[in-house]
Structures are given as structure tokens and as C-alpha cells.
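The values are calculated or read from the model by the stated rules, or taken from the named source; none is laboratory data. Here the structure is a predicted model, which means the values were calculated and not measured. Reconstructed Cβ throughout: ideal geometry from the backbone, glycine too, with neighbour counts over all protein chains shown.
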Amino acid sequence: MLKHSKCLLTFGAPSHRIESQLATASQILDPKASFVHIPNIIIVTFGDEDMPSVETHFVKANGRIALTVLHRVQTPHGVS
């Protein structure tokens, strides 16, 4: 999830879609994570309300538009 977050920031994913894409990936991979996106930073929190503690990571990257690479990040493996 952290690498995926970094890739989305680095390759210029549309900021209005980052949180929803990460939430969808989290549901599929089931790590129980939540996300907050602010410019150049994604805050990733692993855990849920039932756990006594959570793990928080700050993912920072300077973005740039790289449409070919962004397409690869957003496309399921093996699908073109």
C-alpha cells in the first residue's frame, strides 16, 4: 500500500482520485487501512477502531506527469 501510494504521487495521479483508488486497493488486499491525501503527501493509517493501536505512515513524493507509467500503475497486471 505504501509503494502504491508513492507511485500514485510520483507519477501524477489525479488528486481527486487518489484516496478512492487506495481505498479500493485496501479492500481488495485487506490490510484495513485508511488514507488522507494532501498535496505531495498521503497519510496511511493501518489498523481499525477495534485495535488498541494503529500504525501511521507519511508518504511524500514530488509529483510529475508521466502518463505511460501512470497508466501502468492504475491498470491491473497483465491488462493493457
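Considering only residues that are touching a helix residue (DSSP H, G or I) at 6+ places or on another chain (Cβ under 8 Å) and part of a loop (DSSP other than H, G, I, E, B), look in the stretch 36-61 and name the one that is farthest from Leu2 (Cα to Cα).
Here the residue is Asn40.
Pick from the stretch 36-47 the residues that are crowded, with 18+ Cβ neighbours inside 10 Å and among the hydrophobic types (A, V, I, L, M, F, W, C): which of them is nearest to Asn62 (Cα to Cα)? Let's see the steps before the verdict.
As a first pass, look at the stretch 36-47 and keep what is crowded, with 18+ Cβ neighbours inside 10 Å: 37, 42, 44.
Cutting the leftovers down to among the hydrophobic types (A, V, I, L, M, F, W, C) gives us 42, 44.
On the way: Ile42: 12, Val44: 17 Å.
If we take residues in the stretch 36-47 being crowded, with 18+ Cβ neighbours inside 10 Å and among the hydrophobic types (A, V, I, L, M, F, W, C), then Ile42 is nearest to Asn62 (Cα to Cα).
Could you list, in sequence order, all residues of the stretch 13-38 that are modelled with pLDDT under 85 and among the small types (Gly, Ala, Ser)?
Scanning the stretch 13-38 gives Ala13, Ser15.
Out of the residues in the stretch 38-51 that are in contact with a strand residue (DSSP E or B) (Cβ under 8 Å, 6 or more places away or on another chain) and not β-branched (Val, Ile, Thr), which is farthest from Phe11 (Cα to Cα)? Lay out the reasoning, then the answer.
At the first step, the residues of the stretch 38-51 found to be in contact with a strand residue (DSSP E or B) (Cβ under 8 Å, 6 or more places away or on another chain) are 40-47.
Adding the requirement that they be not β-branched (Val, Ile, Thr) leaves 40, 46-47.
Working: Asn40: 11, Phe46: 24, Gly47: 27 Å.
Only one residue tops the list, namely Gly47.
Does the stretch 20-35 hold any residues that are of a type outside the set (Val, Ile, Thr), exposed (fewer than 15 other Cβ atoms within 10 Å of the Cβ) and either part of a helix (DSSP H, G or I) or in contact (Cβ under 8 Å) with a residue 24 or more places away in the chain (or both), and which are they?
Matches in the stretch 20-35: Ser20, Ala23, Gln27, Leu29, Pro31.
Restricting attention to the stretch 39-60, which residues are of a type in the set (A, V, I, L, M) and modelled with pLDDT of 90 or more?
Ile41, Ile42, Ile43, Val44, Val59, listed by residue number.
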